[in-house]
Amino acid sequence: MAQPPLLSVRNLCVRFDTPRGIVEAVRGIDFDVGRERLGIVGESGSGKSVTGRATLRLLPASATVTADRLALGDLDLLGADAAALRSVRGRRVSMIMQDPKFSLNPVMTVGRQIAEAYRMHHRVGRSEARRRALDMLADVRIRDPEHVYDLYPHEVSGGMGQRVMIAMMLIPEPDLLIADEPTSALDVTVSMQVLAILDDLVTRRGMGLLFISHDLNLVASFCDRVLVMYGGQIMETLPASALHQATHPYTRGLLAALPTIDTAGRDLPVLTRDPAWLATRR
Ligand SMILES: Nc1ncnc2c1ncn2[C@@H]1O[C@H](COP(=O)(O)OP(=O)(O)O)[C@@H](O)[C@H]1O
Ligand SMILES: [Mg+2]
């Protein structure tokens, strides 16, 4: 029998009640994530981050989340109570955010944060947790783990902070990792290193990765499949290798808006949008 997907989403809708009215951020999307690298692309505001956060139920109280199905393996995330969600976060699904500064505790050394993240889900003593944390720091290619273990978040660089973040999110060995623009705050060299680490961990651990990015070229080369989002809906789903041959006019528009050596210095084309793209609701 085929294994169920790690994450299964059907007719997911997220709306925010704001002082200026209702914002429909996600409008009826369907997708599954298996043990693969699934990318979500789309322009700013298209609903990528809200989709990622909805799957961990990490949205503010002003959000209303509905779905026909929102399941992590066989666990119904919509019906799960707070205790069930706490035990799932980290252990079965983790999330890496764009900026590690907001996710690391400023008054605890980075090593202890990683060790505590491990102890939250495994019954081990402090010294075993420390050993695991040091191994994990080495896994994310931190050269002197013993030294870095005792640093506070403000003492590490942006690139190292992001690697610490990845270590903390991966040490409980989740089945699924959601990475929301994990490298956009980093320079190109460090960003390539972080991607290589993620890729290695996905391959070695057989993890699923939901990789959110506005960078089409990056997703085309890094992921296996891609969802293209616009206005809270999925315009199309395609193999990452076929992204550059996409036929949907929105995806073509996103691709045409990418600066290339040829277009450098010239005006970039303006994205045109057809209201009919959003008209076909179920
Ligand atoms: N907390 C919130 N309150 C109100 N609206 C929100 C909130 N978070 C996101 N939105 C809105 O939801 C839409 C999708 O946002 P988001 O998922 O962050 O876009 P993306 O990650 O694709 O740039 C946007 O219109 C955004 O303004
Ligand atoms: Mg976002």
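Values as computed for the structure displayed
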{"item": "Residue pairs meeting the criteria (Cβ under 8 Å; at least 6 apart or on separate chains; first at pLDDT 85 or above, in the stretch 193-213; second among the small types (G, A, S) and part of a helix (DSSP H, G or I))", "result": "L210/G52; I212/S49; I212/G52"}
{"item": "Count of residues meeting criterion [among the aromatic types (F, W, Y) and in a helix (DSSP H, G or I)] in the stretch 106-156", "result": "2"}
{"item": "Inter-residue pairs, beta-carbon under 9 Å, first under 21 Å from V202 (Cβ atoms) and in the stretch 130-141, second among the acidic types (D, E) and surrounded by 14 or more Cβ atoms within 10 Å (Cβ to Cβ), 6+ apart", "result": "A133/E116"}
{"item": "In the stretch 180-228, residue nearest to K48 (Cα to Cα) [restricted to those that are buried (at least 18 other Cβ atoms within 10 Å of the Cβ) and charged (D, E, K, R)]", "result": "D180"}
{"item": "Filter result for L151 (buried (at least 18 other Cβ atoms within 10 Å of the Cβ) and either at pLDDT 85 or above or over 24 Å from G42 (Cα atoms) (or both))", "result": "no"}
{"item": "Odd one out for Q98 among (1) outside any loop (DSSP other than H, G, I, E, B); (2) of a type in the set (S, T, N, Q); (3) out of contact with any helix residue (DSSP H, G or I) (no Cβ under 7 Å at 6 or more places or on another chain)", "result": "(1)"}
{"item": "For L137: the one exception among (1) more than 25 Å from K48 (Cα to Cα); (2) assigned by TED's automatic domain parsing to the domain that holds G73", "result": "(2)"}
{"item": "Meets criteria (surrounded by fewer than 14 Cβ atoms within 10 Å (Cβ to Cβ) and hydrophobic (A, V, I, L, M, F, W, C)) for A83", "result": "yes"}
{"item": "Candidates V9, V23, filtered to the one that is more than 13 Å from ligand 2 (Cβ to nearest atom), surrounded by fewer than 21 Cβ atoms within 10 Å (Cβ to Cβ), of a type in the set (A, V, I, L, M, F, W, C) and in a strand (DSSP E or B)", "result": "V23"}
{"item": "Output for the stretch 57-76, where each listed residue is within 22 Å of I171 (Cα to Cα) and in contact with a helix residue (DSSP H, G or I) (Cβ under 8 Å, 6 or more places away or on another chain)", "result": "R57, L72, L75"}
{"item": "Subset of the stretch 148-184 [of a type outside the set (A, V, I, L, M) and under 12 Å from M207 (Cβ atoms)]", "result": "P172, E173, P174, D175"}
{"item": "Qualifying positions in the stretch 26-63 - in a strand (DSSP E or B) and more than 14 Å from ligand 2 (Cβ to nearest atom)", "result": "R27, G28, I29, D30, F31, D32, V33, R37, L38, A63"}
{"item": "Search result, residues across the stretch 176-197 that are within 13 Å of the chain's Cα centre (by Cα) and away from ligand 1 (no atom under 16 Å from the Cβ)", "result": "L176, L177, L195"}
{"item": "Index of the failed condition, L56 passing every other in (1) away from ligand 1 (no atom under 13 Å from the Cβ); (2) farther than 25 Å from G161 by Cβ; (3) in contact with a strand residue (DSSP E or B) (Cβ under 9 Å, 6 or more places away or on another chain)", "result": "(2)"}
{"item": "Tally, over the stretch 72-86, of residues that are in contact (Cβ under 8 Å) with a residue 24 or more places away in the chain and either outside the structural domain of A54 (by TED's automatic domain parsing) or part of a helix (DSSP H, G or I) (or both)", "result": "1"}
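Conditions tested, residue by residue: (1) touching a residue at least 12 places away in the same chain (Cβ under 8 Å); (2) near ligand 1 (Cβ under 10 Å from one of its atoms); (3) farther than 20 Å from M95 by Cα.
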{"site": "F31", "(1), (2), (3)": "yes, no, no"}
{"site": "R37", "(1), (2), (3)": "yes, no, no"}
{"site": "G42", "(1), (2), (3)": "yes, yes, no"}
{"site": "G45", "(1), (2), (3)": "no, yes, no"}
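The values are calculated or read from the model by the stated rules, or taken from the named source; none is laboratory data. Everything numeric in this text was worked out from a predicted model, so none of it was measured. Positions of Cβ are generated from backbone atoms using ideal geometry, with glycine treated the same way; all protein chains shown enter the neighbour counts.
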